[in-house]
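Undergrad: One structure, pasted below without further comment.
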Amino acid sequence: MAFSGRIIPVDVGMRNIATTIENGETKFYGAGINAIRRRYMEQKEDGKSQVPAEFWRPEDRKEVRRQARAVARVIVEKAVKDRAVIALGKPSRSYFEAQWNYAYWPVQSFVQHLRSRARALGVRVLNVPEAETSQTCSQCGSHGKRLGAVFVCYACQIALNSDMNAAKNIAKRAESMLNFGAF
Ligand SMILES: [Zn+2]
């Protein structure tokens, strides 16, 4: 039987802690978190890099966690209202291992809050493998290129917001997972 319910795809990342598509509308979350993170960026030879969390002011860490929790609540409440499944893009293991305890901790905090809030309110969270969702064109399915905030598809000759493109691919993948029962 085909899945006919609603899906809220969630792409997690550093630029936007969460990018979702809610009733066709793309939403970018986490501007407040980025404002705090920017205070802890330092210039390195190979570009910018984030100061490890243990060197942050405790009140800044606390504020990032508070905001991550607030974003998680908003998304879960939307899912309750729309009776939607949350499709959470799950970064590959190698990515986790490289980033997890370092610059990626605000995302970890967000994901934990999202899961526990969803569990508390009976919202289903589907884990969607994220591999290739950032390199695939959400319009034609071709392999394209992610250049930071922009995704470029040479087949369509278009440039899209890269987080929105990934969120659309997560939604498509979730839909086929739900249709084929492969979860
Ligand atoms: Zn394309």
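Undergrad: Search the stretch 145-165 for residues being in contact (Cβ under 8 Å) with a residue 12 or more places away in the chain and within 11 Å of the ligand (Cβ to nearest atom), and hand back the single one that is nearest to residue 90 (Cα to Cα).
TA: Looking at residues that are in contact (Cβ under 8 Å) with a residue 12 or more places away in the chain and within 11 Å of the ligand (Cβ to nearest atom), I get 165.
Undergrad: Still on this structure: Which residues, counting only those in the stretch 172-183, are assigned to a loop (DSSP other than H, G, I, E, B) and touching a residue at least 24 places away in the same chain (Cβ under 8 Å)? Walk me through it before giving the result.
TA: As a first pass, look at the stretch 172-183 and keep what is assigned to a loop (DSSP other than H, G, I, E, B): 181-183.
Result: 183, single match.
Undergrad: Looking only at strands (runs of 3 or more DSSP E) that fall completely inside the stretch 11-55, which ones have 3 or more residues that are buried (at least 16 other Cβ atoms within 10 Å of the Cβ)?
TA: Per the criteria, 18-22, 25-29.
Undergrad: Further question: Of everything in the stretch 136-166 that's more than 18 Å from residue 8 (Cα to Cα) and of a type in the set (D, E, K, R), which residue is modelled with the highest pLDDT?
TA: Filtering first and then ranking leaves 145.
Undergrad: Please state which one of 111, 74 is more than 16 Å from the ligand (Cβ to nearest atom), under 18 Å from residue 16 (Cα atoms), at pLDDT below 95 and not in a loop (DSSP other than H, G, I, E, B).
TA: Values: 74 fails: at pLDDT below 95.
Matching residue, one of 111, 74: 111.
Undergrad: Test residue 169 against the stated conditions and say whether it is crowded, with 21+ Cβ neighbours inside 10 Å and either modelled with pLDDT of 95 or more or assigned to a strand (DSSP E or B) (or both). Before you say what the answer is, go through the steps one by one.
TA: On the way: crowded, with 21+ Cβ neighbours inside 10 Å: yes; either modelled with pLDDT of 95 or more or assigned to a strand (DSSP E or B) (or both): yes.
Against the criterion (crowded, with 21+ Cβ neighbours inside 10 Å and either modelled with pLDDT of 95 or more or assigned to a strand (DSSP E or B) (or both)), residue 169 qualifies.
The values are calculated or read from the model by the stated rules, or taken from the named source; none is laboratory data. All of these numbers come straight from a predicted model, not from anything done at the bench. With ideal geometry, Cβ positions are generated from the backbone for all residues, glycine too; neighbour counts draw on all protein chains shown.
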